[in-house]
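What follows draws every value from the coordinates through simple rules; no lab data is involved. Note that the coordinates shown come from a computational prediction; the quantities given were computed from them, not determined experimentally. Ideal geometry is used to build each Cβ from the backbone, glycine not excepted, and the neighbour counts take in all protein chains shown.
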Amino acid sequence: MTTEEIEQTMRKAIATYGVPSQLMMAFEEMGELMSAIGKFERGRIGLDDVCTEIADVKIMMEQLSLIYNPVKVDEEYQRKIERLKCRLQDKESKK
């Protein structure tokens with residue numbers, strides 16, 4: 001699936017289900033991921049279960065980005081990745 005097809009699908013989901021519903025779905029999916037990570041760390045579920053929940057959250061995060069402001073989200077993402085890179089370089093130089 002192309003990037004354009006993915007975005008079109010995300011926008012269609014938002015239009016079909018509505019913003020309030022997708023916001024609540026994002027909360028639900030994030031909670032399921034938190035639960036899955038906890039269960040995985042205790043050996044109660046497998047890696048595939050965690051990966052499924054990560055994928056669900058990733059889908060919802062893409063929708064949240066479209067709802068709020070994809071350009072601003074991407075700018076902040078890039079800024080935070082750069083900040084992380086600098087922190088890692090600082091940490092490495094202190095060794």
Note on the stretch 1-51: residues β-branched (Val, Ile, Thr) and either touching a Lys or Arg at 6+ places or on another chain (Cβ under 9 Å) or farther than 14 Å from residue 65 by Cα (or both) are 2, 3, 16, 37, 45, 50
With 39, 91 as the choices, which residue is surrounded by fewer than 14 Cβ atoms within 10 Å (Cβ to Cβ) and on the phi < 0 side of the Ramachandran plot? 91
